[in-house]
Amino acid sequence: MKKIVMVTGATSGIGRACALKFGKAGYRVIITGRRADALADLSAELADAGVESLVLVFDVRDRKLAEMSVRSLPQDWREIDVLVNNAGLALGLEPEYEGDFEDWDTMVDTNIKGLLTMTRLIVPGMVKRNRGQVINIGSVAGDAAYAGGNVYCATKAAVKTITDGLRIDVADTAIRVTNIKPGLVETNFSRTRFHGDIERADNVYKGIKPLTGDDIADVAVYAAEAPAHVQIAEVLVLATHQGSGSVIVRK
Ligand code: NDP
Ligand code: 8X3
C-alpha cells in the first residue's frame, strides 16, 4: 500500500513542490488549499505523472471547515503517513510600531493557529497507528528577528517551539517531527508580503540565486524517507550567498 502525504497550502510555491516531489517518491497525495482552481490544475499535473491525489479545499484558519474536510476523507485516504504543515505567509515589512492589525491577525491565525489546527486533527490518528511524520515549514525568520520582520518572525519562532513541543509529546511513539527552516525561496511569498507589489517582490530575489520550492521539497522527502530510527528534527536551508535571515550578499 502506498503511503499518504497531506500538504497544506499546496496551491503554490513550497507546498506545490512538496506535492509533486512526494508524488514522484511514490506517495498518494492529499492536496489542500484555498484555491480550488489551482488545486484542480495540480491534481491534473499529478495524474499526468501517474500520481493519485485527493483535493480538499479549505482555509486553515477555518477550524470547522478544516475539521469537516478531514472528516470527509474516504476510508482509504484516512491513514495519513506524512503531514506537511506548509500553509503560511508574511504580510508587510513595516516597523512593529507601524504594523497593520489585520496583517498581524492573519499571520498569527494562519502560521500558528492554522498549523496547530491541522496538527490537532491529523496527529491523533498517527498516535493511534504508532506511525507518522509531521513536517512543519518554519523559517530562518524564526531564529532571529530582522528589520520589519517582527510579527512574521515571531510566528516562525512559535512554529519552532510548537514543533519541539510535539516532538517531545510523541517521543514515546514512532512518530517523527521535523522543522524545516528555509531562507530565501523564490515563490509567491514576497508578492503576498508586499500585497501584490510585483516590482518590490522581484527585487527580493535580485543579485542572488535564491532557493526554489523544489529545494525545500527535496529536504522534506529526505526527512520522510529517512530510516525509521532517524528523526530529522530541524533543518536550516539557506541560499549559498545568504549568511542569516538578515545577511544576504547580492552581486
Ligand atoms: P507561497 O505564497 O508561494 O505559498 C503559500 C501557500 O500557503 C499558498 O498555497 C497559499 O494559498 C497558502 N496559504 C496561505 N494562507 C492560507 C490559509 N489561510 N489557508 C490555506 N492555505 C493558505 O509561499 P511559500 O511557498 O514560500 O510559503 C510556504 C511556506 O513557506 C510558508 O509557511 C512560508 O512562511 C514558508 N517560508 C517561505 C520562505 C520563502 O522565502 N519563500 C522562507 C521560509 C519559510 P493561496 O494560494 O490561496 O494564497
Ligand atoms: C521567509 C524567509 O527571510 O523572508 O520565511 O523571512 S524570510
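Apart from one condition, Leu46 fits all of (1) surrounded by 20 or more Cβ atoms within 10 Å (Cβ to Cβ); (2) closer than 18 Å to Asn188 by Cα; the exception is (2). Checking each residue in segment 235-251 for being within 15 Å of ligand 2 (Cβ to nearest atom) and either among the basic types (Lys, Arg) or not in a loop (DSSP other than H, G, I, E, B) (or both) picks out Val235, Leu236, Val237, Gln242, Ile248, Arg250.
Check segment 190-199 and report whether any residue there is more than 16 Å from ligand 1 (Cβ to nearest atom), more than 30 Å from Arg78 (Cα to Cα) and either buried (at least 20 other Cβ atoms within 10 Å of the Cβ) or at pLDDT 95 or above (or both).
Yes, segment 190-199 has at least one match.
Of all the residues in segment 118-142, those that are assigned to a helix (DSSP H, G or I) and either of a type in the set (D, E, K, R) or more than 10 Å from ligand 1 (Cβ to nearest atom) (or both) number 11. Within segment 161-190, the residues that satisfy the criterion of being assigned to a loop (DSSP other than H, G, I, E, B) and without any contact (Cβ under 8 Å) to a residue 40 or more places away in the chain are Ala171, Asp172, Glu186. Selection within segment 70-105: residues that are within 16 Å of Phe58 (Cα to Cα) and buried (at least 19 other Cβ atoms within 10 Å of the Cβ). The member of this set that is farthest from the chain's Cα centre (by Cα) is Val70.
The condition (being more than 16 Å from ligand 2 (Cβ to nearest atom) and crowded, with 22+ Cβ neighbours inside 10 Å) is satisfied by just one residue among Arg176, Arg167: Arg176. Restricting the first residue to segment 234-250 and requiring it to be surrounded by fewer than 17 Cβ atoms within 10 Å (Cβ to Cβ), which pairs with a second residue that is part of a loop (DSSP other than H, G, I, E, B) and among the β-branched types (Val, Ile, Thr) meet a Cβ separation below 8 Å and a spacing of at least six or different chains? Going by the 8 Å Cβ cut-off, the qualifying pairs are His241/Ile208; His241/Val249; Gly243/Val249; Val249/Ile208; Arg250/Ile208. Within segment 4-34, the set of residues being charged (D, E, K, R), touching a residue at least 40 places away in the same chain (Cβ under 8 Å) and either more than 18 Å from Val60 (Cβ to Cβ) or out of contact with any strand residue (DSSP E or B) (no Cβ under 9 Å at 6 or more places or on another chain) (or both) comprises Lys21, Arg28. Among residues of segment 126-142 that are under 14 Å from Ala157 (Cβ atoms), none has a beta-carbon under 7 Å from a residue that is at pLDDT below 95 and surrounded by fewer than 17 Cβ atoms within 10 Å (Cβ to Cβ) at least six positions away or on a different chain. Against the test of being over 20 Å from Ala220 (Cβ atoms), polar (S, T, N, Q) and within 14 Å of ligand 2 (Cβ to nearest atom), the options Asn150, Asn130, Asn111 yield a single qualifying residue, Asn150.
Any residue in segment 197-209 that is within 11 Å of ligand 2 (Cβ to nearest atom) and touching a strand residue (DSSP E or B) at 6+ places or on another chain (Cβ under 6 Å)? No, the conditions are met nowhere in segment 197-209.
Residues satisfying the criterion are absent from segment 58-81 (criterion: part of a strand (DSSP E or B) and either within 24 Å of Val185 (Cα to Cα) or touching a Ser or Thr at 6+ places or on another chain (Cβ under 8 Å) (or both)).
The values are calculated or read from the model by the stated rules, or taken from the named source; none is laboratory data. Values in this document were obtained by computation on a predicted structure and should not be read as measured data. Heads up, the Cβs are rebuilt from the backbone with ideal geometry, glycines too, and the neighbour counts pull from every protein chain shown.
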